[in-house]
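Take a look at the structure below.
Rule-based calculations on the coordinates, nothing more; no lab input. In this text the structure is predicted, and so the values were computed from the model without any measurement.
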Ligand SMILES: [Zn+2]
């Protein structure tokens, strides 16, 4: 018998599935989205939980991250203008606050690292360029970079 349909999913099925390295349901840490992986890099977005029918629990997660306004997003994209290589980044913003490995499209499985899938890339992280977002330059082949940002984590203070 199917479970009772919910307005907002809190059943945890998506979350636990996404933690399984071989499961097609994945969680994108940076975008904060669930999706179904198919083929090499295909993504089908999940808006409603296939188990309980509820809306994907984005509101709770959203409260854990600072809000980036449209205006701030525009300002951030302006920062990326003309920045194409690692050297451009350093020249414009100085040394990075942090260098991190990011996994795209997969949640890092906690135990068995060998089973980890997806693309891993190096990112130069700047924490003070925006009050609400960490600025990340993804480093690609021949030191080319792509600017992106991650909302700052502010904790669960707004959680119900
Ligand atoms: Zn659910």
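Observations, loosely collected:
- Centre separation in Å (Cα based) which lies between the stretch 65-104 and the stretch 1-15: 37
- Antiparallel DSSP beta bridges within the stretch 1-84, as percent of all bridges there, nearest 5: 90
- Cα-based shape type of the stretch 1-85, given that a ≥ b ≥ c are square roots of the gyration tensor eigenvalues and the cut on a/c is 1.5: oblate
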